[in-house]
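Step one of this worksheet: look at the structure below.
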Amino acid sequence: MKKSLHVIWITLVMVCTANAQQEKGIIGYNNWLNNWTEFKPNKIEYGEANQILAGNISVNTKLLKRNIYVLQGQVYVTNNAVLTIEPGTVIIGDADTKGTLVISKGASIIADGLETDPIVFTSSKGLKKAGDWGGIVILGDAPINKFGGISSITYDLNPALTIYGGQNVESNSGILRYVRVEFAGKKVRGSTAMNALTLAGVGNKTVLENVMVSNSGGDSFAIIGGELSLSKFVSYHSVNDDFKFTQGTQCKIFNSLAVRSSYVTSNKDGSRCMEVISYDKKEETDFSKKRTLVTASNITMLNDSQNISADIQSGLVKEAIYIGSDAALEIKRSVVSGFNPAVILNSQIEINDKNLKKIKIEEMYFNMCKGNIFTEYNSNNEDLENWYGNSIFFNVYSQTDNNETFIDIMNPKRPDFRIKLGKITAASGKF
C-alpha cells in the first residue's frame, strides 16, 4: 500500500512560569524537538564507514566523531568496560550481519550527545527500511520479577553475555542523551523482531533523556524490569509497540511522544503505543516481587492519518494503550488521538474499586477515538466509560480533526516557527 507523505501535527505547550499548570501532552519552555530529532531519516546521507566495530569490547573504549563506524555482528561491551561515544558520532548497523550493540551487566555506555550534535545509530542500506539491523541492548542488575531474580535476553544473542537483573535498584548503566536510533529491529527466528532499544534490569542512576527511535521493525523501547526514569523519548512509525513495559519494571516516563501510522504500524493484535504488563510468562513470575508500575505524564500518542475515521473503519487502527492483569498504570495530562479505542484493559481485570484505583487515568485529552476505555472482548463498557468519565478525573473527550488540533512537526527545523499563545505555530500559517 502506498504510504501517505502528509504532514504530521502535534501540540507542544510552553510552560511560562515555574508555577504554571502543566498542560496536556508534551511540554517545554522551548521546542525541545528542535535540532536533534529527524522525522525523515531515510532522506539523510551519513557518508561511508571508515572504522569497523566488531567482537567484544572488554576495555574502556571511545568512539570519535571524526570517524563513521560500522557495527558488524554482535558487539558486546563486557568486563565492566565503559564505551564512550562523542557527540555527533555516527554508527551504522550492518544489515547483512544483523549488527547489534549489547552493553552487558556491569559495563556501561556514555552516549552523551548534544542538541545540536546528536549521536546517530542508523542503517547500512542505501534504501533504508524498518528492521535493517539489530538494535541496542543495555543490561543492568536492578530487580526483575522472574523467579531467581535474573534472566537473559533471547533472540540470537549469547545468553551468557545477556544476563540481567539483580538487587541493585541504583545500578548505573551510563548515559543515553540526544541519541537517535533509526531502522533497527531486525527479524530473527521467523517472525520475531528485535527491539530498537532494550533496557533490561536498568537502575535509576542511569541517565535516559532525549532519545528518538524511528522506523523500528520491533518495539521502539522495551523496558524490562529495573527501576528507571525516561524523559523526552520519541517513537516514530514503529512497526510494533512504541513503549513496552514488563517484568515488574518501576518506570517513570515524562514528556514523551509516540507517532504511529495506519500504513506503517502493524495492525495485528499486540501492537500499541504503550503496553503495560507484569510478565511475558505467568509461570516464570515471582508474585512476591513488585508488579509492573508505570507512572506517565505529559505523553502525546498520535495516530498519523489523513482520515482517521476511514482507517478505523477499515481495521487499520487498534488501541493506543494496553494494560495487562497484575500491572498498574498511572497516567495523567496526556493526549491520545486517533485510536480504536484509546485504552484496553485485559479481560482478567475485574472491574471494581480496588483494581481501578491501580489504573489512574486523569486529566487526559482523548481525541478522535472510537471509544475511550474498554475491557478487551467486551461489547458493553458503560461501567468503565462512566467511571473515567466522572468529572473528578478531568478527562476531556473530543472529535476534532488532527489537522485542526495539532501543529506541524514533520520538520521542526523550519525557519517559520514561532511561539504564540502557548503553542508552537507557523508564521506563514501554511504547511
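The values are calculated or read from the model by the stated rules, or taken from the named source; none is laboratory data. Please read these numbers as outputs of a predicted model, since none were measured by experiment. Here the Cβ positions follow ideal geometry from the backbone for every residue, glycine too, while neighbour counts run over all protein chains shown. SASA here: full protein model, heavy atoms, side chains in, ligands and nucleic acids out. Shrake-Rupley method; radii C 1.70, N 1.55, O 1.52, S 1.80 Å.
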Would you mind telling me which numbered condition in (1) at pLDDT 95 or above; (2) not in a loop (DSSP other than H, G, I, E, B) residue 65 fails?
-> (2)
Before we move on, is residue 346 farther than 18 Å from residue 298 by Cβ, out of contact with any Ser or Thr (no Cβ under 8 Å at 6 or more places or on another chain), open to solvent by 10 Å² or more (accessible area, probe 1.4 Å) and not charged (D, E, K, R)?
-> no
Taking the range 111-126 and keeping residues surrounded by 18 or more Cβ atoms within 10 Å (Cβ to Cβ) and in a strand (DSSP E or B) leaves 111, 112, 119, 120, 121, 122, 123
Examine the range 176-183 for a residue that is assigned to a strand (DSSP E or B), open to solvent by 10 Å² or more (accessible area, probe 1.4 Å) and hydroxyl-bearing (Ser, Thr, Tyr), and state whether such a residue exists.
-> yes
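Just to be sure before I move on: is residue 297 among the polar types (S, T, N, Q) and within 10 Å of the chain's Cα centre (by Cα) in the structure I sent? Write out each step before concluding.
On the way: among the polar types (S, T, N, Q): yes; within 10 Å of the chain's Cα centre (by Cα): no.
Considered against the rule, which asks whether it is among the polar types (S, T, N, Q) and within 10 Å of the chain's Cα centre (by Cα), residue 297 comes out as no.
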Of all the residues that make up the range 131-172, how many are in contact with a Lys or Arg (Cβ under 8 Å, 6 or more places away or on another chain), under 17 Å from residue 230 (Cα atoms) and in contact (Cβ under 8 Å) with a residue 60 or more places away in the chain?
-> 3
Checked against (1) in contact with a strand residue (DSSP E or B) (Cβ under 7 Å, 6 or more places away or on another chain); (2) farther than 22 Å from residue 34 by Cα; (3) modelled with pLDDT of 95 or more, residue 262 satisfies every condition except (3)
Residue list for the range 226-261, filter: touching a Lys or Arg at 6+ places or on another chain (Cβ under 8 Å) and of a type in the set (Gly, Ala, Ser) = 229, 238, 248, 256, 261
Inspect all residues belonging to the range 311-332 and state whether any of them is open to solvent by less than 10 Å² (accessible area, probe 1.4 Å), assigned to a strand (DSSP E or B) and out of contact with any Ser or Thr (no Cβ under 9 Å at 6 or more places or on another chain).
-> yes
In the range 219-236, which residues are crowded, with 24+ Cβ neighbours inside 10 Å and over 11 Å from the mean Cα position of the chain (by Cα)?
-> 224, 225, 226, 227, 228
Subset of the range 1-46 (residues that are at pLDDT below 60, small (Gly, Ala, Ser) and either surrounded by 20 or more Cβ atoms within 10 Å (Cβ to Cβ) or touching a Pro at 6+ places or on another chain (Cβ under 7 Å) (or both)) = none
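Would you check if there is a residue in the range 351-358 being open to solvent by 70 Å² or more (accessible area, probe 1.4 Å) and assigned to a helix (DSSP H, G or I)? Steps first, please.
The first filter runs over the range 351-358 and keeps only residues open to solvent by 70 Å² or more (accessible area, probe 1.4 Å), leaving 353-354, 357-358.
Still in the running and assigned to a helix (DSSP H, G or I): 353-354.
Yes, because at least one residue in the range 351-358 is open to solvent by 70 Å² or more (accessible area, probe 1.4 Å) and assigned to a helix (DSSP H, G or I).
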